[in-house]
């Protein structure tokens, strides 16, 4: 139980650092927005502060239940200091040129509607109600897209994975020409299945 509490406290502090606001200020803003329902407040926080689904949901869930160990003042971002972008770490060094390919895939996904981007150490998890795709460098010359969609049609570019994993299939992209209507169909099928 202590580990869960520590993880929650870390998440709340990270939200404060990310937004420059205390959790109480974020909760007050959501209440003042006119949003009445839990989901409306969560959506407002996601829109106003660019919080992911999980972070916004935690802020709303914790209304009236803030742990006493939580700092009452949010650390302000240093003036002129860039915010840490997890993609800068994922696409660092010899993989930096792959960022344009990542951005092209994300542009496709943005056309489907809203989703949460959850950065991990070496990839980004894309989620709606559940994860529908993973995206990150596979090699110094390719990115890999993991697709969480059943019954994708067989295709030479698709690698079917064994059952029980995070994704049912993956595909690798080496150039912008790989970000094509076929990839869009696969991503859309995964996106729709996760909604």
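Any read-out appearing in this document is the output of simple, stated calculations on the displayed coordinates, not a laboratory observation. None of the values given here were measured: they were computed from a predicted structure. Cβ sites come from the backbone with ideal geometry, for glycine too, and all protein chains shown count toward neighbours.
A simple spin-label model places the labels of residue 33 and residue 5 3.0 nm from each other, with each point 7 Å out along Cα-to-Cβ. Between region 97-131 and region 1-50, the C-alpha centres lie 22 angstrom from each other.
For the peptides 101-108, 89-96, residues were scored by their other Cβ atoms within 10 Å and the scores averaged per peptide; the highest-first order is 101-108, 89-96.
Remark: relative contact order (region 86-193) = 25 percent; criterion is Cα-Cα distance under 8 angstrom and separation of 6 or more residues.
The order of the peptides 48-55, 110-117 by mean Cβ neighbours within 10 Å, most packed first, is 48-55, 110-117.
At R0 = 35 Å, how high is the FRET efficiency between residue 130 and residue 50 if r is their beta carbon distance? Nearest 0.05 is fine.
0.95
To the nearest 500 deg cm²/dmol, what mean residue ellipticity at 222 nm is calculated for the chain from DSSP H runs of n ≥ 4 alone, each contributing -39,500 (n - 2.57), summed and divided by the residues? Kindly include the intermediate steps, with their values, before the conclusion.
Details: 7 runs with 79 residues, N = 195.
My calculation for the chain gives -12500 deg cm²/dmol from helical runs alone.
Can you tell me the orientation of helix 99-110 relative to the chain, as the angle in degrees between its alpha-carbon axis and the longest Cα principal axis, to the nearest 10? Once rounded, the angle reads 80 degrees. Here the simple spin-label model places points 7 Å from the Cα toward Cβ, and for residue 139 and residue 14 these points are separated by 3.1 nm. Give, as ranges by residue number, the residues of region 8-26 whose backbone N falls under 14 Å from the point 7 Å along Cα→Cβ of residue 61. The answer is 8-12. A Gaussian network model of the chain, with springs between Cα atoms under 10 Å, assigns the largest mean-square fluctuation among 134, 62, 46 to 62. Axis of helix 23-32 versus longest Cα principal axis of the chain: the two differ by about 90°, to the nearest ten degrees.
Taking every alpha-carbon pair under 8 Å whose residues sit at least 6 apart, region 2-61 reaches a relative contact order of 31 percent.
Distance between the modelled labels on residue 177 and residue 92, one decimal in nanometres: 3.3 nm (7 Å Cα→Cβ projection).
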